[in-house]
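To start, the structure under review is shown below, and the notes come after it.
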Amino acid sequence: MASTDTPVDAPGKDGSDLAGLEAGLDALDSVEVGRTPLRETLLRKVLPPVTAVALVLVVWQLLVWAKVAPDYKLPSPAAVWDEVEASWLQGTLLDYIWTSVSRGLLGFLLALAIGTPLGLLVARIGFVRAAIGPILSGLQSLPSVAWVPPAVIWLGLNDSMMYAVILLGAVPSIANGLVAGIDQIPPLFLRAGRTLGATGLQGARHIVMPAALPGYLAGLKQGWAFSWRSLMAAEIIASSPDLGVGLGQLLENGRNNASMSQVFLAIFLILLVGIAIDLLIFSPLERRVLRGRGLLVKN
Amino acid sequence: MATVSAPVEEHATAAVRHAARIEHVSKSFPGPAGQQLVLDDISLDVAPGEFVTLLGASGCGKSTLLNLVAGLDRPSAGSIATDGRPALMFQEHALFPWLTAGQNIELALKLRGVAKPQRRPEAERLLELVRLRDAHRKRVHELSGGMRQRVALARALAQDSRLLLMDEPFAALDAITRDVLHDELTRIWRETGLSVLFVTHNVREAVRLAQRVVLLSSRPGRIARQWTVGIPQPRRLEDTAVAELSAEITEELRGEIRRHGQH
């Protein structure tokens, strides 16, 4: 009772009391997040896919031994491996891959440069969204292989036709991903940004883009998948000696030469590149972003 | 008892510069039955260095009023003048999760126009002020609720505004942490000489912190009554003087709420 009327404690004592109390609360509330040991990572992340691949190879070899299909329809794993070895020794294997990958990556970067501002405009300006938003989403469901014939007629059999097809496939994905990312920004961040004085371009740079990053990354990932698919379609359909041999042409050549092992080789390489880009670029990027925000929940 | 709990009148001396001057402000929003009046003719001044709490039940438009003062929205009638752009703190910490605690503060400094070499030491100083010296490199999700609100407070202080608006900033915290943050806020308010306009629905919190408590009625929000709180700081929630004034204000607040059940 009497305490209310007694004069205030000395500020120094009160201050250090409060500091100690606060330090205690902070220590009680903090959570330590450790890193997973390497052995566990190998066991949980590497072992399962390796097992799956081994299983597929075993089943494949069993099917070959059981002679479910003749050689020219189902080559053995060994025959496909020979194909790998042969083109490696000829020095053409990396050329095939590099021809396609360099095209794919350059096309993807172009798509990025176009899709990003486009997505920002669609997300932030109502008129633009109403005008082209539905078209942009619709374009995503149009298989980009449909663009190959017009692109060949408009641009001819050359690299620019390939890039046109990639762009038409990837730009909508990237733009839509960014739009979705921006739409999912909690309004609180935008209000907080505005009270801090982040408006207009500064707001886009410091608040909107980083806040939309997870959705944007998902769009980029899909954009890359679409780039790669469109490119393969373009390479299979439009082959010309001037274009050099990419993986699509390799596949088409295999069909023309009736070499099923070459077709298999091409398919594996296409798949491998797709997986490698995802594993080496997008997955680490996505994990880093999500972990930084505490969104990656460990089970 | 050192309590002064009488309704006060506006101290509108022309010579006093105001941290915020709210004059005859009304705000209505389009509703199902035409325009709905949320705030009705609010006039309120916040003196430099003054700590004012806005108290009211839900629907009194206290958050709306704060948004108007923050410049996030425009009043339908009346005018609001503030001494510079006010800083605003929310019920949720609203820290950006893609930045560390320190970077959140540095972004506020950058947007204020502080040159790059000064940002880091200034952010350190602000973190020191909220007693989170080691949190600079911590990610938002690595901090506890109370620590997050302290970083949010540091970020608001980084705006170097004369007026700090707080929208129920401690409502989501547990009671122990909230009590500590009350002490912390009082200390920082006294150290910085800021004006604070603090919105809450918690009567004891209002009395615990403020020099002046403004009670808003609900639907539409009007200023129902004001009290100056003369209890010396540091106050405690369990102080008799705090409890007595809280009881008086709660009675008044209940009266305001009861009026809505009668028709």
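The values are calculated or read from the model by the stated rules, or taken from the named source; none is laboratory data. It should be emphasised that the depicted structure is a prediction, and the values quoted were computed from it without experimental measurement. For neighbour counting, all protein chains shown are included, and Cβ atoms are generated from backbone atoms with ideal geometry for every residue, glycine included.
Among the residues making up segment A:77-92, those that are touching a residue at least 24 places away in the same chain (Cβ under 8 Å) and assigned to a helix (DSSP H, G or I) are A:79, A:80, A:82, A:83, A:84, A:87.
If you scan segment B:162-179, which residues turn out to be hydrophobic (A, V, I, L, M, F, W, C) and surrounded by fewer than 20 Cβ atoms within 10 Å (Cβ to Cβ)?
Pass one, segment B:162-179, residues hydrophobic (A, V, I, L, M, F, W, C): B:163-166, B:170-173, B:175-176.
Those that are hydrophobic (A, V, I, L, M, F, W, C) and surrounded by fewer than 20 Cβ atoms within 10 Å (Cβ to Cβ): B:171, B:172, B:173, B:175, B:176.
Taken over segment B:59-88, residues that are assigned to a loop (DSSP other than H, G, I, E, B), out of contact with any Ser or Thr (no Cβ under 7 Å at 6 or more places or on another chain) and more than 14 Å from chain A (Cβ to nearest Cβ) amount to 2. Assigned to a helix (DSSP H, G or I), farther than 18 Å from residue A:240 by Cα and among the aliphatic types (A, V, I, L, M), is that true of residue A:151? Considered against the rule, which asks whether it is assigned to a helix (DSSP H, G or I), farther than 18 Å from residue A:240 by Cα and among the aliphatic types (A, V, I, L, M), residue A:151 comes out as no.
Considering segment B:236-261 alone, what residues qualify as being of a type in the set (Val, Ile, Thr) and either farther than 22 Å from residue B:223 by Cα or in contact with a helix residue (DSSP H, G or I) (Cβ under 9 Å, 6 or more places away or on another chain) (or both)?
Narrowing segment B:236-261 to residues of a type in the set (Val, Ile, Thr): B:240, B:242, B:249-250, B:257.
Scanning segment B:236-261 gives B:240, B:242, B:249, B:250.
Checked against the criterion of being modelled with pLDDT of 85 or more, in the same structural domain as residue B:82 (by TED's automatic domain parsing) and in contact with a helix residue (DSSP H, G or I) (Cβ under 6 Å, 6 or more places away or on another chain), segment B:182-192 has at least one qualifying residue.
Run down B:119, B:112, B:125 and say which single residue is farther than 15 Å from residue A:192 by Cα, among the charged types (D, E, K, R) and touching a helix residue (DSSP H, G or I) at 6+ places or on another chain (Cβ under 8 Å).
Working: B:112 fails: farther than 15 Å from residue A:192 by Cα; B:125 fails: touching a helix residue (DSSP H, G or I) at 6+ places or on another chain (Cβ under 8 Å).
Answer to the check: B:119.
Scanning segment A:206-221 for residues that are more than 10 Å from every other protein chain (Cβ to nearest Cβ) and touching a Phe, Trp or Tyr at 6+ places or on another chain (Cβ under 6 Å) returns a single hit, A:221. Of the helices (runs of 4 or more DSSP H) lying entirely inside segment A:170-283, those carrying at least 2 residues that are in contact with a helix residue (DSSP H, G or I) (Cβ under 8 Å, 6 or more places away or on another chain) and buried (at least 20 other Cβ atoms within 10 Å of the Cβ) are A:187-195, A:209-237, A:247-256, A:260-277.
Select from segment A:262-299 the residues that are of a type outside the set (A, V, I, L, M, F, W, C), in contact with a Phe, Trp or Tyr (Cβ under 9 Å, 6 or more places away or on another chain) and within 30 Å of residue A:86 (Cβ to Cβ) and list them in ascending order.
So in segment A:262-299, the residues of a type outside the set (A, V, I, L, M, F, W, C) come out as A:262, A:274, A:278, A:283-284, A:286-288, A:291-294, A:298-299.
If we keep only those that are in contact with a Phe, Trp or Tyr (Cβ under 9 Å, 6 or more places away or on another chain) too, we end up with A:274, A:278, A:292-293.
A:274, A:278 - these are the residues of segment A:262-299 that are of a type outside the set (A, V, I, L, M, F, W, C), in contact with a Phe, Trp or Tyr (Cβ under 9 Å, 6 or more places away or on another chain) and within 30 Å of residue A:86 (Cβ to Cβ).
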